[in-house]
């Protein structure tokens, strides 16, 4: 008996992964949609996305084109994206899309910190000074005293708003 059709026991078999034509089409359409999303970005935001030069030029062209030429250019972008690693591009797009909600969350945290600062006074000021040694302790104390006084007299909160701006400048430096 010959062993032509049999593999030696020490040889590994390669696993073949079959991909349907429909799945390939879905993947290509997803790349094209990502290309459309890239084409909608403003130049400043597009500069933050890691793209190779050919893809960047194709996206700039798509931004200039209208109607049918734009559609064909977006298909070309989808084709070019098949040749590049899309994971860093997707991460950059997610960051750009999520930037607004991150900023909003940070501002909410600063508002809560301001409330604690007004309630707790010196103990909270000391905690802020530990985090930010370059912060002006005296100015913060003065603003907190003014904010408490304004709140007691039911006046508009000028010091209240100023505390927020000071906290914002401290935490944006980091």
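The values are calculated or read from the model by the stated rules, or taken from the named source; none is laboratory data. Keep in mind it's a predicted model, so treat the numbers as computed, not measured. In this analysis, Cβ positions are derived from the backbone assuming ideal geometry, glycine residues included, and neighbour counts consider all displayed protein chains.
With respect to the stated conditions, residue 117 fails to be touching a residue at least 24 places away in the same chain (Cβ under 8 Å), part of a helix (DSSP H, G or I) and within 30 Å of residue 33 (Cβ to Cβ). Give the number of residues within the range 112-121 that are surrounded by 12 or more Cβ atoms within 10 Å (Cβ to Cβ) and either outside the structural domain of residue 160 (by TED's automatic domain parsing) or out of contact with any helix residue (DSSP H, G or I) (no Cβ under 7 Å at 6 or more places or on another chain) (or both). The total comes to 2.
Across the range 122-135, the number of residues qualifying as in contact with a helix residue (DSSP H, G or I) (Cβ under 9 Å, 6 or more places away or on another chain), free of Cβ contacts under 8 Å to residues at least 24 places away in the same chain and in a loop (DSSP other than H, G, I, E, B) comes to 1.
Considering each residue of the range 37-59, count those that are surrounded by 14 or more Cβ atoms within 10 Å (Cβ to Cβ), free of Cβ contacts under 8 Å to residues at least 40 places away in the same chain and either part of a helix (DSSP H, G or I) or more than 21 Å from the chain's Cα centre (by Cα) (or both), and give that number. Of the residues in the range 37-59, 6 are surrounded by 14 or more Cβ atoms within 10 Å (Cβ to Cβ), free of Cβ contacts under 8 Å to residues at least 40 places away in the same chain and either part of a helix (DSSP H, G or I) or more than 21 Å from the chain's Cα centre (by Cα) (or both). Does residue 50 count as in contact with a helix residue (DSSP H, G or I) (Cβ under 6 Å, 6 or more places away or on another chain) and within 30 Å of residue 39 (Cβ to Cβ)? Yes. Residue 138 meets each of the listed conditions (1) in a helix (DSSP H, G or I); (2) surrounded by 15 or more Cβ atoms within 10 Å (Cβ to Cβ); (3) at pLDDT 80 or above apart from (2). Note on the range 148-171: residues that are under 13 Å from residue 135 (Cβ atoms) and either touching a residue at least 12 places away in the same chain (Cβ under 8 Å) or surrounded by fewer than 11 Cβ atoms within 10 Å (Cβ to Cβ) (or both) amount to 6.
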